[in-house]
Amino acid sequence: KLQMKEKEVDNLFQRNSHLVREVRYLTDVVQHLNQKLAELEADKQELREKIRSLLNRRASPAPPAKPVIKPAVDIGQLHQMSRLTRELNVSNKHLRSVVHQALADIKNHLGQFEGPLGKLAQVEQEATSEVENVYNKLLELQGNIRVFCCCRKSSASSCLEKTDDQEVVVVQKGSRKKFQFDKVYSPSSTQEDVFAGTLPVITSCVDGYNVCILAYGQTGSGKTYTMMGSKENPGVGMGTGYRCRSDINGSNQTEKQRTFWCFFFLEMSYTLDSTALDIRVLGKSVSVPGLTRVEVRTEADILTVMEMGEKNRKIASIKMNIQSSRSHLVVALEVEGSDEVSGLTSCGMLTLCDLAGSERISKTEAEGQRLVEAAAINKSLTALGQVFSALKCNAIHVPFRNSKLTHLLQLCLSGDSKVN
């Protein structure tokens, strides 16, 4: 059925091209006739001036000193001028008639465009909608929640072995445990390789679905580098923002993007300027009063907002990681699109979450304030694990409210949302 629609679209495009060429031809004919009409009008005006001049010379009185009055113009020449004037008038009327007929033909052809173009727009809209539905069903078959494993560069004490693209073996104390994932990236994989794995869900965001990408792992495992990267080697966060703009600019859509940042520190949420926030649920939506949304128009805007957020993130030194992130970081990019052809609008949200590192307090040797922070981090990560367990089992009740973090992520973790 989709192939038949694509063939019908191709036929309509060919007919449209033929009509456009015909209109261009008729437009050139009209321009040529208008030019010729202008030339004849100029000749006609010039002849009228000559006739008027000749008539004035004929009607002027003869000088009194000359007894013999001779005609100032030849009568035959005057008749010839009159005949040419009549012919010019006839040509003028004929050209006007031809121009009017050509304009009427052009309007008629343009009127014929309306039906095929309307049908073409409808077919394109149906085909686009069907492609989006098929694409979404394909992702659902692969799983709305997918887990990727990124292995850091091997060291002498590394206990990981990548056997294939979907399996990792952990060697510890003589035992070998196998773990299955949707995708495994080797230590030699680049930032571009990891980003390429997120492209399918980014397309879903442009189509109007909610998408969430989380980086989870032990402290020091490279989560922040994978998500944020650097200016020279940007991570998933920068790449997704750029790709959303690229996908929309390559379609018939006009877009509007807004982004907001939110931190979770000691089970409290903060915005870019470190103002404390409260999370509320209104029906099926989550509201965060006081949250500042920043509109981003260019890649430079995205980079600026990223840098602002990184400066305010809570970072403290602990034994396992000299720059351990002591807060969860949530970056949300709201993408609103409007199709110029069909007039339909879509709204999707891409949520990037760089989780604080999971850690055993006995290994980090945290004390005092750092101990309190570690307990809050582990509590929220436990709540996140409970949410995923409930989603996996299709539980009736999903404990989103067990943590501020899962409370905010409720929309992008439930329903037909896509999670990596």
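The values are calculated or read from the model by the stated rules, or taken from the named source; none is laboratory data. Just so it is clear, the structure is predicted and the values come from calculations on it, not from any experiment. Every residue, glycine as well, gets a Cβ built from its backbone with ideal geometry; the counts of neighbours run over all protein chains shown.
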Would you check which residues across region 195-209 are over 11 Å from residue 349 (Cα atoms) and touching an Asp or Glu at 6+ places or on another chain (Cβ under 8 Å) and list them? 203
Modelled with pLDDT of 70 or more and surrounded by fewer than 12 Cβ atoms within 10 Å (Cβ to Cβ), is that true of residue 45? yes
Read through the list (1) modelled with pLDDT under 80; (2) farther than 18 Å from residue 352 by Cα, then give the number of the only condition that residue 230 fails. (2)
Taking first residues from region 197-211 that are part of a strand (DSSP E or B) and second residues anywhere that are crowded, with 20+ Cβ neighbours inside 10 Å, the pairs with Cβ under 6 Å that are 6 or more apart or on different chains are 211/201; 211/204; 211/205; 211/350; 211/418
Being surrounded by 10 or more Cβ atoms within 10 Å (Cβ to Cβ), of a type in the set (S, T, N, Q) and at pLDDT 75 or above, is that true of even one residue in region 58-80? no
Going residue by residue through region 363-378, is there one that turns out to be at pLDDT 75 or above, buried (at least 18 other Cβ atoms within 10 Å of the Cβ), closer than 24 Å to residue 237 by Cα and touching a Phe, Trp or Tyr at 6+ places or on another chain (Cβ under 8 Å)? no
Answer yes or no as to whether residue 225 is among the hydroxyl-bearing types (Ser, Thr, Tyr), farther than 12 Å from residue 351 by Cα, assigned to a helix (DSSP H, G or I) and modelled with pLDDT of 80 or more. yes
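Might you check whether a residue that is at pLDDT 65 or above, crowded, with 18+ Cβ neighbours inside 10 Å and touching a strand residue (DSSP E or B) at 6+ places or on another chain (Cβ under 9 Å) occurs anywhere in region 311-323?
To start, the set of residues in region 311-323 that are at pLDDT 65 or above comprises 311.
Then drop every residue that is not crowded, with 18+ Cβ neighbours inside 10 Å, which leaves none.
No, region 311-323 contains no residue that is at pLDDT 65 or above, crowded, with 18+ Cβ neighbours inside 10 Å and touching a strand residue (DSSP E or B) at 6+ places or on another chain (Cβ under 9 Å).
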